[in-house]
Amino acid sequence: MRGTVAAADPWYERPHAGPVPRVLPMMSTLFGPERRQPLTVAVSEHAGVLVARVSGDVDQSTAPLLRRHLHPLWGCSGVRALVLDMGEVSFIDSTGVGELIAVLRRCEELAMALALSGVHGIVARVLTITGLTRAFDIHPTTENALQAWVADADTA
């Protein structure tokens, strides 16, 4: 039985080719410690819209930091919207996605609009695969998100 599986499954050792690596080299560089980017959040305000520029990895170890940075924003008066600028986010895992969903729910509770901007790469792929591109208002840039809200305010 093992001989049959070994021929069909490249993860088993093959006597003629030597052992097959147990870890893909791409995975070790993608998820290894040398790949890790620290999370930073910089917040600015533009005519009643808060912009949080997020950079680095949003994962299990950094999601609590994102939550701590955004927590004071929930008490700001006169704020009608929040833009999370994800242009410099290099990685997101399921914990990070959960944190984005928590931000969306909190904004809905406070009747605040929420937009993501600069979504690209692995972040765009994760949001697409999970179907969350339909849940979030996504703009190519922060400026596009701000212009969309100015246009909505002008027509209201």
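A compact table of results
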quantity	calculated
Angstrom value of the Kirkwood radius, inverse mean 1/r, which spans all Cα pairs in the range 82-131	11.3 Å
Residue order, fewest to most beta carbons within 10 Å, for Thr95, Thr62	Thr95, Thr62
Neighbour net charge for Val51 - beta-carbon separation under 11 angstrom, K R +1, D E -1	-2
Packing-based exposure ordering (other Cβ within 10 Å, fewest first) of Ser90, Ser77, Ser61	Ser77, Ser61, Ser90
Within-15-Å neighbourhood charge of Thr141 [Cβ basis; K, R +1; D, E -1]	-3
Hull volume in cubic angstrom per residue (convex hull over the Cα atoms of the range 43-156)	94 Å³
Extended-chain gain in nm, criterion 0.36 nm per residue less alpha-carbon gap, His46 and Leu110	21.2 nm
Nitroxide proxy distance, nm - points 7 Å out along Cα→Cβ at Thr95 and His71	1.6 nm
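Readers should treat all values here as calculations from the given coordinates under stated rules, not as data from a laboratory. These numbers were taken from a predicted model, which means no experiment stands behind them. Neighbour counts run over all protein chains shown; Cβ positions are idealised from the backbone, glycine included.
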